[in-house]
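The values are calculated or read from the model by the stated rules, or taken from the named source; none is laboratory data. Because the structure is a prediction, the values reported are computed rather than measured. When we count neighbours, we look across all protein chains shown, and the Cβ atoms used for this are built from the backbone with ideal geometry, even at glycine.
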């Protein structure tokens, strides 16, 4: 029988003055340190390609680094630039002289600090692209090839005339610039090459000693000038040279045959160069050369600062140096050093595994593959005191100090404390930043964490409002303000005992005391206007604003609400002691002083079922759910399950919560992320790892920013959940969004976009730099430059085109489809969809702009208001009096508040609370339907005026309809539809309206296949056709695994299996995978294929005679192969049966009566 069963989160470095203190400090690299962003040149990098061939003279005894936000942290000797670094941000690169720094901004302007005699004062202008230096002067190159020089005039600090220069070179006190035609211009100390440059052109590169230049032509010939003692004369004749090497006073070149020619000061290696051998590269100290052969052997010459004592045996791969010693690395990572013993010519570490060597003036530091460090040389220059840990990736240095950097941006410093081994304070705001305070009430203390050195003093600028003060040792700002102050950005500067400084900023607003409502600004955490204009994109808000209702906290802590009752305009909780109100699209949640929560509004949106207990500190929301954060870092959620109201995250200490429209993402203290909610909104597949500092969002995708400026994304691919940008040549500092695309800003002010091209995530984004902030409507971006110009892109109907082409703007505001930009004089320009941008007022003096979905309202200094754009959204009806201080909004209504606490509202009646007859509809939630099956009627309760008409947007899926008088939605859907939010608008006879919003999803039918039995088949015989019944949607494909036995096949349209098996197959369970247009079903069944049975027959019986051989008795086999043959009863003695052919043969030796034998 056949049987079947089945189943259905640093910078670059610089460096002289001296102290003998040797110390080590470590600073954590959170979001303000980005690895490898020290100054252009440090002592180690200068020495290891010829000290005077460096583009910048390294700073002797200070360090300066760029932070991820483009700000600068400096430390070391304060007279050399260790203090006095600029406090603002937007810097892209740092350069140095011996005792000063110069930093380049994104716009090409320059800020310098340090010793004024060494270039520590800033030049004017912008457009500079790179900075070069001698020991005491800077020279900056512009895009047009012109040069601006400053610093010591005798060292090149006077600018040359002309333009078209492409690169600048330097000796200790003179510059040489190469023109595009290969000609040379020099200036500075004439005795150091600042005069008598060679004429002609075709020069391609210039090299230098302390006081002489040597220029290489395109044909490989050389011209030298400057001090004859230091190589300004004596250059070799001939051509074909490709590179020039130098010590402090001599040059050396490798000839085409691999031999070496040197010239210049004899004690610095200008004589006694090796005359034979095939050398591949030359290295140098201040006074000696060391040349490496192709076979890995070394020859050195010059005085005893490495000119003698080179190893005579061994195969070396690279040579490093400081001013008086060499250190050579072998292929196995072992080290051999020679030269002056006080410079590290002795004492190199034993063992192997070292990968690179770094140097100060007189010490070495070698790093291993595991990131451990070994040091040797002068102890007061970093030759002792290296950090004991591992995982260091790179080392920087100045004259007497080292700094080692880890991959996470943390650093350790050692060597001379006055030269930079003592780190500055490192402030990060811990609490109270960006605060709105009330005159006469104590502010929340503004505190800072410090992961750097001990703070000796704290200052703040500008001056704090009267009544507030800053603690001199902790930088905490506290007190009771006694004067009103508009929103102001304050910069806190913390200094250590040796005057090294670090900065942190915060904003503070002090509002007037309200005589009726004791505190102003006590509306919800987020309203529609603040969502659009104060959160870097509507979707980046901590709370989704309420569409239809307002709620405020009164003087006694009680709550007053108005607007659409089903969205929280009615039903506010009784009692007082409420301290904050939060919202989603159709509900409110209020936090009490004891940390308990009360919610009201649409029950399906979290208006009921708020968590019990207390100790909650803040509430976040998606479109339709809430998440409350406790003091212990745990989270409780409630609300609509389609919008993140289920799947509370596992226990953990979370520090902040972010959201898309339908999912939450929480950040832990270590910077790791957990998400929950609808997977298509980013509720799963979060990036692994830690170190994330902030999360941004579109409607259905997240983007997380790391401390190193890199970005990871997840969520819906089409709205920014994929194609994340790489770091490229810069570091991202902030991310902005529309509803379907992201725009990330780099430290240099350039922009990278991704996501839906129709939402600004495609082409059209600006390709230049210098942008400071990005604003957005639902589908377009507008970026503001430092010069006040604007660039917009995205959907032209939403403001992606039409931005003003001239003018100096200070801030941009937005509605759903329009932008409005404010100038310094308070005049306004708007663009975007005519219906939501309208015609802006033509006068000036406006101080801030507010918005609903479709209208703007601008406030003047005297408290008067002008509104414009769509009248149904508050574009008309603004109050005509003055004295208003702030405006709040829902989707289509404004509420303006005065200093006395009185409120005036205008806009859509149901939002402003005007008592006119209006429908008031509410439904219990959305629905997930299946194509070709009738939906459960979606009905609405109406507790307001009679409904005259009902409409819905967007259009319902085919097969569904809305009843025009009851708003009931019914029918049988005949098309698939992704989850969509529908808005039902009910109108009364007097044309007053109310809306209700619900989600609906229509899935395709899933195939539903069944099959009752499997089968045991025989090779060579057709199987019984294996068929399946399908009680659901049309099949698009059928596949099977594993592969069927040879001879059988599956019909891709019906899944039927048929054929004649030609191979034996043990019982195997097969899985049939059935697909419809959008779903799958599977079924399994067993199948066995046995070999066919033998089928034997013979022609005749036989009578034999004893002693005579019988005729062989043979059999024809018409069936399967024979494995064995037996016969019964036993044959007469002398006869036998062949076990594979069944043939019987032999000579009988006994008499046997007639018998019947059976062969099997």
Residue in segment 397-409 that is modelled with pLDDT under 90 and assigned to a strand (DSSP E or B) present: yes
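Regarding segment 234-241, can at least one residue be identified that is within 47 Å of the chain's Cα centre (by Cα) and either in the same structural domain as residue 322 (by TED's automatic domain parsing) or under 21 Å from residue 156 (Cβ atoms) (or both)?
First pass over segment 234-241, keeping only residues within 47 Å of the chain's Cα centre (by Cα): 241.
Right, trim to either in the same structural domain as residue 322 (by TED's automatic domain parsing) or under 21 Å from residue 156 (Cβ atoms) (or both) and you get 241.
Yes, segment 234-241 has at least one match.
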Pick from segment 801-837, criterion in a loop (DSSP other than H, G, I, E, B) and in contact with a helix residue (DSSP H, G or I) (Cβ under 9 Å, 6 or more places away or on another chain), ranking: surrounded by the most Cβ atoms within 10 Å (Cβ to Cβ): 815
Qualifying position, being part of a loop (DSSP other than H, G, I, E, B) and within 37 Å of the chain's Cα centre (by Cα), among 121, 129: 121
Residue list for segment 990-1047, filter: part of a loop (DSSP other than H, G, I, E, B), under 49 Å from the mean Cα position of the chain (by Cα), modelled with pLDDT of 75 or more and farther than 16 Å from residue 1070 by Cα: 1036
Qualifying residue in segment 786-794 (condition: at positive phi and not assigned by TED's automatic domain parsing to the domain that holds residue 541): yes
Any pair with Cβ under 7 angstrom, 6 or more apart, that starts in segment 210-225 at a residue that is on the phi > 0 side of the Ramachandran plot and ends at one that is surrounded by fewer than 18 Cβ atoms within 10 Å (Cβ to Cβ): 220/239; 220/240; 220/242
Which numbered condition residue 380 fails, given (1) over 36 Å from the mean Cα position of the chain (by Cα); (2) part of a strand (DSSP E or B): (2)
Criterion violated by residue 750 - all others in (1) surrounded by 24 or more Cβ atoms within 10 Å (Cβ to Cβ); (2) farther than 25 Å from residue 542 by Cα satisfied: (1)
Complete set of residues in segment 605-637 that are surrounded by fewer than 24 Cβ atoms within 10 Å (Cβ to Cβ) and not in a loop (DSSP other than H, G, I, E, B): 616, 617, 618, 629, 630, 635, 636
Residues that are out of contact with any helix residue (DSSP H, G or I) (no Cβ under 6 Å at 6 or more places or on another chain), under 14 Å from residue 247 (Cβ atoms) and assigned to a strand (DSSP E or B), drawn from segment 194-235: 214
Unmet requirement for residue 318, which otherwise passes all of (1) under 17 Å from residue 45 (Cβ atoms); (2) touching a helix residue (DSSP H, G or I) at 6+ places or on another chain (Cβ under 7 Å): (2)
Within segment 762-792, considering residues that are out of contact with any helix residue (DSSP H, G or I) (no Cβ under 8 Å at 6 or more places or on another chain) and closer than 16 Å to residue 698 by Cβ, the one surrounded by the most Cβ atoms within 10 Å (Cβ to Cβ): 781
Considering residues of segment 592-604 that are surrounded by fewer than 24 Cβ atoms within 10 Å (Cβ to Cβ) and in a strand (DSSP E or B) only, the residue modelled with the lowest pLDDT: 592
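Using the structure shown, decide if residue 84 is in contact with a helix residue (DSSP H, G or I) (Cβ under 8 Å, 6 or more places away or on another chain), within 29 Å of residue 750 (Cα to Cα) and modelled with pLDDT under 95.
yes
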Subset of segment 647-663 that is touching a helix residue (DSSP H, G or I) at 6+ places or on another chain (Cβ under 9 Å) and assigned to a strand (DSSP E or B) - its residue that is surrounded by the fewest Cβ atoms within 10 Å (Cβ to Cβ): 658
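Taking the conditions exactly as written (over 30 Å from residue 1090 (Cα atoms) and surrounded by 14 or more Cβ atoms within 10 Å (Cβ to Cβ)), does residue 1114 satisfy them or not?
On the way: over 30 Å from residue 1090 (Cα atoms): no; surrounded by 14 or more Cβ atoms within 10 Å (Cβ to Cβ): yes.
Answer is no for this residue.
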Those strands (runs of 3 or more DSSP E) lying entirely in segment 427-499 with at least 2 residues closer than 26 Å to residue 80 by Cα, at pLDDT 85 or above and in contact with a strand residue (DSSP E or B) (Cβ under 7 Å, 6 or more places away or on another chain): 457-461, 485-495
Segment 138-159 residues that are assigned by TED's automatic domain parsing to the domain that holds residue 191, paired with ones that are part of a helix (DSSP H, G or I) and surrounded by 23 or more Cβ atoms within 10 Å (Cβ to Cβ) (beta carbon under 8 Å, 6 or more apart): 151/118; 152/118
Which listed residue, of 127, 84, 108, is surrounded by fewer than 24 Cβ atoms within 10 Å (Cβ to Cβ) and under 25 Å from residue 462 (Cβ atoms): 84
